[in-house]
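Values in this text are rule-based calculations from the coordinates and carry no lab data. This one's a predicted model, so the numbers in the text were calculated from it and none came from an experiment. Here the Cβ positions follow ideal geometry from the backbone for every residue, glycine too, while neighbour counts run over all protein chains shown.
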Amino acid sequence: MIPDDLEIVLTERRPVSREIWNSLRNLSEDQRSQLVRLLIVFLGIWAFLALAHEMRTGATQELDERVMRAVRRADDPGAPIGPAWLRDTARDITALGGYSVLILLVAMVAGFLGMHGKRGETRFLLGSAISGYLVGMALKAYFVRPRPTVVPQLELAFQTSFPSGHSMMSAIIYLTLGALLTQFAGNLPRLRVYFLLCALLLTGIVGITRVYLGVHYPTDVLAGWTAGLVWANLCALVAARLQRRGMIEEEI
């Protein structure tokens, strides 16, 4: 037997849950997309702050170092595991998240969009890239985490370590480009999923190579991915709001 008071509570909650579900179902596709982006922003900020706190207290240091040693040979910490060609491949892939490559990519795509009269998309891309870079530099300057020394670094690295700039900027640029490309998908959901998966794949492998090459701790990369994901979605939310106000012409 269900107690009377519990039965009353359950009876009251069912209509509320049903009402919330019906409200979500009645949202347009664009409204659902904006709701998901907003949820990603809030959860991402929480995750980044939690990770940063654990890093600053030293709680992640042992695990960070253990992971970095795990991808190196036990008898020679200067040699990564895997065949010899894998090191060169990692260097090639990590360059996809370098500032030089990303600047060239953004410039070429912005030029393409500009020539096609896509002023709103051009501002969105440039705004996301420039603001993301500035935020990344500010975070590095605030946390001032030294680069890893537990294993020899296989690539020259400058600035501080937390968060990973390659990981953060890869997330911002590739996810932003993925969002722009979905406009050409039309009514093909599979094409939208494909663009998103490509953006996530590029972001993921760039971050992995940073740990493999010994220039970032795993938590640096996780923080970079999280910050980049948050910033890309936040810029998309701002762009959508400006579009609704008529301040930019094209829909993002």
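In terms of packing, defined here as the mean over residues of other Cβ atoms within 10 angstrom, the peptides 164-172, 216-224, 101-109, 137-145 line up highest first as 164-172, 216-224, 101-109, 137-145. Listed values for the stretch 156-169 are Karplus-derived 3J(HN,Hα) couplings in whole Hz (6.51 cos²θ - 1.76 cosθ + 1.60, θ = phi - 60°), namely 5, 9, 10, 6, 8, 9, 10, x, 5, x, 4, 5, 5, 5, and x replaces Gly and Pro. So for the stretch 136-175, Kirkwood radius off the Cα pairs, Stokes-Einstein at 10 °C and 1.306 mPa s: how many µm² s⁻¹? Rounded to a whole number, D works out at 143 µm²/s.
Close amide H partners of Ala79, meaning residues 5 or more places away or on another chain with modelled amide H under 5 Å apart, are Arg73.
Using alpha carbons only, the radius of gyration of the stretch 157-199 set against its Kirkwood radius gives Rg/Rh = 1.20. Put one equal scatterer on each alpha carbon of the stretch 27-119, apply the Debye formula with no solvent term, and list log10 I(q)/I(0) at q = 0.13, 0.23, 0.26 1/Å to two decimals. Treating every Cα as an identical point scatterer, log10 I(q)/I(0) equals -0.92, -1.06, -1.10. Evaluating kT/(6 pi eta Rh) at 37 °C and 0.692 mPa s, with the Kirkwood radius of the stretch 153-242 over Cα pairs in the Stokes-Einstein relation, gives 239 µm² s⁻¹.
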